[in-house]
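> Pasting a structure here, questions to come.
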Number of protein chains: 2
Amino acid sequence: MSKAGADEGGGGSSEKALQQAEDETPEGKFPGKLSAVISGPGWTKVTCPCCATERVEPLVLVKLGANVRPETKRWLIKLIGASQKDGGAGLLAHPGEDASGNIVVVSAPRCTLLRAAEELGLCKTYQSGDMEAFSYNDRDNFKDSDNTEVFLTLAERQFMVKYELDGLRAQRDLRIPGLTDGCALQNRDNVWQKLGSAGVIVDTFPLHNPEQLKELSEAWYSGNQLVQPLDSVNGYFGSSVAFYFSFLDFYTWSLLPPAILGLSITYFSGEAQKEVVDSVSGAQVEEEDEDHGHSGHMIQAVFSMLWSTVFMEMWKRRSSSLSYRWGTLHLAERFAEPRPGFHGDLGVNPVTGRVEPLFPGWQRDLRMALVSIPMVGLFLGLVILGMLGFYWGEAQVQQLHTDWDSLVSQTLLYVPSVLHIVYTNMLATVYKTVARALTEYENHREESSFEKHLTAKVLVFTFFNYFAVLFHIAFFKQDVPLLRKRLASLLIVTQLVNQVTEVAIPFLVDRFISAPHRAESEDDPQEDKFRKQSTLPVFPGLFAEYIELLVQFGYLSLFSCVYPLTAVLLLVNNMTEIRSDAYKICKLFRKPFTPPVANMGVWQLAFEVLSFVSVVSNCWLLLLSPRLRGLCHEAGMSSTNILLSAVLVEHFLILVKVVLSVLIPDEPDWIRRKREHIEFTSMEALKLQKLQPDKS
Amino acid sequence: MSKAGADEGGGGSSEKALQQAEDETPEGKFPGKLSAVISGPGWTKVTCPCCATERVEPLVLVKLGANVRPETKRWLIKLIGASQKDGGAGLLAHPGEDASGNIVVVSAPRCTLLRAAEELGLCKTYQSGDMEAFSYNDRDNFKDSDNTEVFLTLAERQFMVKYELDGLRAQRDLRIPGLTDGCALQNRDNVWQKLGSAGVIVDTFPLHNPEQLKELSEAWYSGNQLVQPLDSVNGYFGSSVAFYFSFLDFYTWSLLPPAILGLSITYFSGEAQKEVVDSVSGAQVEEEDEDHGHSGHMIQAVFSMLWSTVFMEMWKRRSSSLSYRWGTLHLAERFAEPRPGFHGDLGVNPVTGRVEPLFPGWQRDLRMALVSIPMVGLFLGLVILGMLGFYWGEAQVQQLHTDWDSLVSQTLLYVPSVLHIVYTNMLATVYKTVARALTEYENHREESSFEKHLTAKVLVFTFFNYFAVLFHIAFFKQDVPLLRKRLASLLIVTQLVNQVTEVAIPFLVDRFISAPHRAESEDDPQEDKFRKQSTLPVFPGLFAEYIELLVQFGYLSLFSCVYPLTAVLLLVNNMTEIRSDAYKICKLFRKPFTPPVANMGVWQLAFEVLSFVSVVSNCWLLLLSPRLRGLCHEAGMSSTNILLSAVLVEHFLILVKVVLSVLIPDEPDWIRRKREHIEFTSMEALKLQKLQPDKS
């Protein structure tokens, strides 16, 4: 807001101020030393007097290109330090060792942080004890607002620094010192993007706080804790990471009922050994009709169908209480500045009345309908094509093998699988690039909306990729034993492979290959410690973690009636998953920037959709089951009647699920009341505010 | 709000003020004459100086019991006239001819109306031209706010009078003059309810404005208008009536595409004559396989399934624009006083911070789950029992008739039908009382929530009552020709009967029986004209009108594939329906009080649910159709495969409908922007308001 205001007011005065700031700074002097928590010297001056403090906490590291000239670095530091009125970021910058080093350490003064908290729409504890939308003007009535390190979490402070840097826009056409004219900034250009593409800035990432990290990791995964320190996770890694771990936690506990049911069914039907042997060895043990075994499968299926709805509804309630607790219930992204990549004609935003780029919604819809959807469809088609090609190839080599039966033909048997895997992986890589380009082309205004559309695209593709073969087996080949075999091997093998690739390998690499290079000694200057963090790989985001859960959930709900032990296996897997994911994010990667979010976003929808699709797939699988068919035929039902009753049961279950999800409110009563209270006070405020100009 | 404030501040001062007011009024004096638009004398004094005006418009008539003593009437008039601070209604009252007459005419001063407009959360045109939530403090910036007759519609003003009267609560224990001690008021008793149960007040109803009514009826139904004057309807009858007529209008126009399709299909398949003859004569003409005739039915079915979703989504958009235009987009019922019938322990409302009765939500949920739902289920069971009894009885008398074949047995043939009709009607009457009692017992806080739950209960029952037989024929008897016959006769006969009973009879009764008694002459005193309005029957509400539309829509969508001409018949019916409904509400009934509403409420949901159920029923009916079966068998499909493909088609259509309803936004873009703008300004206001106490 303040920046936009400056944009409008722009022109002469701010130019002068920036010029002045440039003149004032002692250009050649050596800056002060950096220390873990660095005090005064070396940092740019704070523009507002109330924020002057002895202690400055380094929050974000900006890594510059190798051949960036000192004048460019000085200009950049000045820009970061200049007040927002003068077109700067209103932050604090420190040049590291000297003016020629390739890092800039950035921190933020209190006022900038608090203003950003208001702009983002964060809620904080009011003096009354309730969470209220933070307001800069009313800051004194919020608890601890004088101590930003308590008031705002580390993740929030770091995100705010990034938010301010990303929001930097040139206020006039200007040449960057030390760069060619080709890289000159034009009015309203996004400075950070431009510097990135010009090679000045290589990387921007938040710095770890070693003490907090140590504390967190001890409370999180190093012991035998049953409960995760979710609030600390939210504080250190931000709400999007905390939501993932909360969901993982909630999901794991929710697996207990189906796991117990699955265990008892398997135990009582005495199939435990047989099934495991069956599925692992792949031998097609003859189907013996076991009455109670089969009714067990049906109970399991019906139970898991209803369970999945109750689980999702309860999670929504939990999610909204977490979001209240973490102050993200009223995020104001819609009213903030558009995301950096957003472009459009300058105009007055009809909602906020600010001048900013505008892009008509119908044009975005058109782009989605005419470009994105056909492209996604094309790639899904390619997946199917690949699968068909694989089956065709397999049939061919089988034929060849039976005809020739040589060593060569035996080797050939593996060719289709290998080709298919290569094809699928290539397709997935290409698709990810395409999906990002498509979403960029759709030109979303908000970062969250961009993420949502990108995730949705990749999600649909990945899910399709995982399940196409299983669906093919279930619905076209209608081969339940093969499906069961596949499912068991997927569940066991994939989980093992995942655990190994996700944790063991990175751990070993980290321990024995990277770590020696990163060995820290107490004497190292702080700059080197910071610089070492940049050698860690970039955190790949939560997509892979979420999709793993979704696929698991898919196995569990879509095919629950074929393999009752799924829940047990998943429970065991998740117990270790929590720890390994926590270890990964704490130790193996660079700390990520995480925007505050109010829920899991598109993943919630994906889980819900899956839970409805599961009814259809389970009913169909039960129908296919030869034992049930046999039983029904014995009871004198025609196959049409069996089908009819399956359809009836399916419709009934879907109805029950819809009713359940409508009846269970999405937020607990106390949250609803708090939310309504906030709505009420802001309505009252609107009335009072209108009174003000009237009186004055 | 103001009243609640007075409650808290209550005690001494207000009592004195009321006492004072009582002393001041000239008790025995004859009041001035009433005239059509009555000026000054005779009316109680306006409590606030800015509202003093020459011209007072009579809005609401309160009819008193026959043996109400003059001191009671005087007390009542004083109460109505006293300011809200003193526990009165802040309205204007006129005693009619004299202090002993049995009517009190009520009007409202400007300030009371404007305050009520704010409390209700009405939006009005701001000086910028946008609709904004009205704020009393900011009244000067709203267009026409100095002239309430332009600023607020007649319906709004009248509803506000009722709102203030209904909201009257005793501020201390007090005896009503002229009544026994048994009728004494206790602190916080609802005055209007108490007076009603004590027999003091017999009726409270809004008065017609003959000139406006004449204008409206000319523009509405007396000519050959294609377009209804919806804004005037909203102004005169209020938004709930206007929403009904808007929906009827929208629905009628939307029937054009299916009607044209139905006509052309019937024409091209050459079945028009045959089918009509078939359905009316009831002769079972032999089914001749007609290929294109049948594919026509399928096209019709698929079209109408998709049409119904698009129709409902488009209506939602239309509905939200209407609600914006009529200023009901931000109703604040949740934040207002609870409805008069609401009871609970006094406490502080956590949302608004006011002292009022509170009732925990879980207790309401419990009452619904343990009492309401089982009771409704019981009645639905009774409907089914009745239907089964009817079928059993019919089989019995058929048997008897074939055995005996006499005149007596022929008469007996009608007995089951007659008994069933009597039973159904009795059940419906009992159910209506039960439903109201149950909803009252559920103790809803808001009037709209009460209405919603009551309507939902009656709706489910009525719908079940209407369709149980048709579903029985379609799904158990699986007799498509009988279904078609029933449907055609229902469509034609019911519509004729409805038109006659709804319009012709009331018209005739009104013209030849009631009207002579009500003949008005210019010389009649105004009081008698008012009093005559009370001889009209009470407006029965829109339930019957809506359910008629819903049942029609049910015929159209649930069984569209059996009788393609449904849409044509409904189109013709609706054309006259609009006029007859308009005539009815204008002429045949007393003017109703209508609360401002933002949409059709529970009816919207009912139409949507029906449109989804229709997919299932249509697919099933197509499946049953013997011609389709024959065709498929010829093509070599087994009956299982036919069933399977029907299930596939059904799932696909439901998926398409879900996707359509998600993709079509529920409100047009411009409404979304306006709404977000209001949210934004109130958020900004909240921040500014917090600043105020800080500074002062």
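> Mind checking which residues of segment B:413-442 are in contact with a His (Cβ under 7 Å, 6 or more places away or on another chain) and over 16 Å from B:Phe461 (Cα atoms)?
Applying the first criterion (in contact with a His (Cβ under 7 Å, 6 or more places away or on another chain)) to segment B:413-442 yields B:413, B:439, B:442.
Scanning segment B:413-442 gives B:Leu413, B:Glu442.
> Which of the residues belonging to segment A:356-369 are out of contact with any Pro (no Cβ under 8 Å at 6 or more places or on another chain) and surrounded by 15 or more Cβ atoms within 10 Å (Cβ to Cβ)? Break it down into steps so the answer makes sense when it comes.
We begin by selecting, within segment A:356-369, every residue out of contact with any Pro (no Cβ under 8 Å at 6 or more places or on another chain); these are A:358-369.
Correct list: A:Leu358, A:Phe359, A:Arg364, A:Arg367, A:Met368.
> Shifting gears a bit: Hey, could you check segment B:370-418 for residues that are among the acidic types (Asp, Glu) and assigned to a helix (DSSP H, G or I) and say which is most open to solvent (accessible area, probe 1.4 Å)?
Looking only at segment B:370-418, we keep the residues that are among the acidic types (Asp, Glu), and these are B:394, B:403, B:405.
Now restrict to residues that are assigned to a helix (DSSP H, G or I): B:394, B:403.
Details: B:Glu394: 58, B:Asp403: 100 Å².
Result: B:Asp403.
> Within segment A:155-172, how many residues turn out to be open to solvent by 10 Å² or more (accessible area, probe 1.4 Å) and hydrophobic (A, V, I, L, M, F, W, C)? Please lay out each step first, then the result.
Step one: list which residues in segment A:155-172 are open to solvent by 10 Å² or more (accessible area, probe 1.4 Å), which gives A:156, A:159, A:162-163, A:166-167, A:169, A:171-172.
So of that shortlist, the ones also hydrophobic (A, V, I, L, M, F, W, C) come out as A:159.
Total satisfying the criteria: 1.
Listed here are the residues, each with its yes/no results for (1) in contact with a Leu (Cβ under 6 Å, 6 or more places away or on another chain); (2) open to solvent by less than 20 Å² (accessible area, probe 1.4 Å); (3) not aliphatic (A, V, I, L, M).
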{"site": "B:Lys78", "(1), (2), (3)": "no, no, yes"}
{"site": "B:Ala89", "(1), (2), (3)": "yes, yes, no"}
{"site": "B:Ala93", "(1), (2), (3)": "no, yes, no"}
{"site": "B:Ser107", "(1), (2), (3)": "yes, yes, yes"}
{"site": "B:Cys111", "(1), (2), (3)": "no, yes, yes"}
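> From the list A:Ser611, A:Ser661, pick out the single residue that is crowded, with 20+ Cβ neighbours inside 10 Å, in contact with a helix residue (DSSP H, G or I) (Cβ under 6 Å, 6 or more places away or on another chain) and in contact (Cβ under 8 Å) with a residue 12 or more places away in the chain. Talk me through it step by step, then tell me what you get.
Numbers: A:Ser661 fails: crowded, with 20+ Cβ neighbours inside 10 Å.
Being crowded, with 20+ Cβ neighbours inside 10 Å, in contact with a helix residue (DSSP H, G or I) (Cβ under 6 Å, 6 or more places away or on another chain) and in contact (Cβ under 8 Å) with a residue 12 or more places away in the chain holds for just one of A:Ser611, A:Ser661, which is A:Ser611.
> So A:Glu451 clears everything in (1) over 23 Å from A:Glu333 (Cβ atoms); (2) open to solvent by 40 Å² or more (accessible area, probe 1.4 Å) except one condition, right? Which one?
(1)
> Condition check: touching an Asp or Glu at 6+ places or on another chain (Cβ under 7 Å) and part of a helix (DSSP H, G or I). Does B:Ile421 satisfy that?
On the way: touching an Asp or Glu at 6+ places or on another chain (Cβ under 7 Å): no; part of a helix (DSSP H, G or I): yes.
Taking the combined requirement at face value, the residue does not satisfy it.
> Across segment A:194-214, what is the total count of residues that are closer than 20 Å to A:Val68 by Cβ, open to solvent by less than 40 Å² (accessible area, probe 1.4 Å) and in a helix (DSSP H, G or I)?
Going through segment A:194-214 one residue at a time, the tally reaches 2.
> Something else: I want to confirm something. Restricting to segment B:541-581 and keeping residues that are β-branched (Val, Ile, Thr) and more than 17 Å from B:Ala242 (Cβ to Cβ), which single residue is most open to solvent (accessible area, probe 1.4 Å)?
The residue in question is B:Val572.
> Check every one of the helices (runs of 4 or more DSSP H) wholly within segment A:625-696 and list those with 1 or more residues that are modelled with pLDDT of 80 or more and within 11 Å of chain B (Cβ to nearest Cβ). Steps first, please.
On the way: elements: A:626-634, A:639-663, A:669-695.
Hits in segment A:625-696: A:639-663, A:669-695.
> Just to check your reading of the model, which residue among B:Lys194, B:Lys124 is farther than 25 Å from B:Tyr324 by Cβ and in contact with a Leu (Cβ under 9 Å, 6 or more places away or on another chain)?
Answer to the check: B:Lys194.
> Does segment B:439-447 contain any residue that is within 23 Å of B:Pro540 (Cα to Cα), part of a helix (DSSP H, G or I) and modelled with pLDDT under 90?
Yes.
> Let me ask something else about it. Could you count how many residues in segment B:585-616 are outside any loop (DSSP other than H, G, I, E, B) and modelled with pLDDT of 85 or more?
Count: 17.
> Then there's this: Among what's in segment A:335-359 and is within 14 Å of chain B (Cβ to nearest Cβ) and part of a strand (DSSP E or B), pick the residue that is nearest to A:Asp189 (Cα to Cα).
The residue in question is A:Glu356.
> Output the residue which, of all residues in segment A:123-152 that are crowded, with 24+ Cβ neighbours inside 10 Å and part of a loop (DSSP other than H, G, I, E, B), is nearest to the other protein chains (Cβ to nearest Cβ).
By that ranking, first place goes to A:Phe134.
> Now for a different question. Test of understanding: among A:Glu54, A:Glu24, A:Glu15, A:Glu8, which residue is closer than 24 Å to A:Thr153 by Cβ, open to solvent by 60 Å² or more (accessible area, probe 1.4 Å) and either over 32 Å from the mean Cα position of the chain (by Cα) or at pLDDT below 50 (or both)? Give the derivation first.
On the way: A:Glu24 fails: closer than 24 Å to A:Thr153 by Cβ; A:Glu15 fails: closer than 24 Å to A:Thr153 by Cβ; A:Glu8 fails: closer than 24 Å to A:Thr153 by Cβ.
The unique qualifying residue is A:Glu54.
> Which one is nearest to B:Trp75 (Cα to Cα), of the residues in segment B:173-187 that are open to solvent by 40 Å² or more (accessible area, probe 1.4 Å) and assigned to a loop (DSSP other than H, G, I, E, B)?
From segment B:173-187, those open to solvent by 40 Å² or more (accessible area, probe 1.4 Å) are B:173, B:175, B:180-182, B:186-187; that's our starting set.
Among the residues that remain, those that are also assigned to a loop (DSSP other than H, G, I, E, B) are: B:173, B:175, B:180, B:186-187.
Details: B:Asp173: 15, B:Arg175: 11, B:Thr180: 14, B:Gln186: 16, B:Asn187: 17 Å.
So the residue we want is B:Arg175.
> Would you check which residues across segment B:579-601 are under 11 Å from the mean Cα position of the chain (by Cα) and among the β-branched types (Val, Ile, Thr) and list them?
B:Thr594, B:Val597
> Among what's in segment A:320-334 and is outside any loop (DSSP other than H, G, I, E, B) and more than 22 Å from A:Gly129 (Cβ to Cβ), pick the residue that is nearest to the other protein chains (Cβ to nearest Cβ). Outline the logic, then answer.
First, the residues of segment A:320-334 that are outside any loop (DSSP other than H, G, I, E, B): A:320-325, A:333-334.
Add one more test, that the residue is more than 22 Å from A:Gly129 (Cβ to Cβ), and what stays is A:333-334.
Working: A:Glu333: 12, A:Arg334: 6 Å.
Across segment A:320-334, the extreme among qualifying residues is A:Arg334.
> Return the only residue of A:Ala435, A:Ala474, A:Ala488, A:Ala456 being crowded, with 17+ Cβ neighbours inside 10 Å and touching a Lys or Arg at 6+ places or on another chain (Cβ under 6 Å). Can you show your working first?
Values: A:Ala474 fails: touching a Lys or Arg at 6+ places or on another chain (Cβ under 6 Å); A:Ala488 fails: touching a Lys or Arg at 6+ places or on another chain (Cβ under 6 Å); A:Ala456 fails: touching a Lys or Arg at 6+ places or on another chain (Cβ under 6 Å).
Answer to the selection: A:Ala435.
> To continue, here is another question. Do the conditions hold for A:Glu149, that is, is it in contact with a strand residue (DSSP E or B) (Cβ under 6 Å, 6 or more places away or on another chain) and touching a residue at least 24 places away in the same chain (Cβ under 8 Å)? Before the answer, list the steps.
Values: in contact with a strand residue (DSSP E or B) (Cβ under 6 Å, 6 or more places away or on another chain): no; touching a residue at least 24 places away in the same chain (Cβ under 8 Å): yes.
No.
The values are calculated or read from the model by the stated rules, or taken from the named source; none is laboratory data. Note that this is a predicted model, so its numbers are computed, not measured. Note that each Cβ is placed from the backbone with ideal geometry, even for glycine, and that neighbours are counted across all protein chains shown. The protein model used for the area step is the full one, side chains on, heavy atoms only, and it has no ligands, DNA or RNA in it. Shrake-Rupley method; radii C 1.70, N 1.55, O 1.52, S 1.80 Å.
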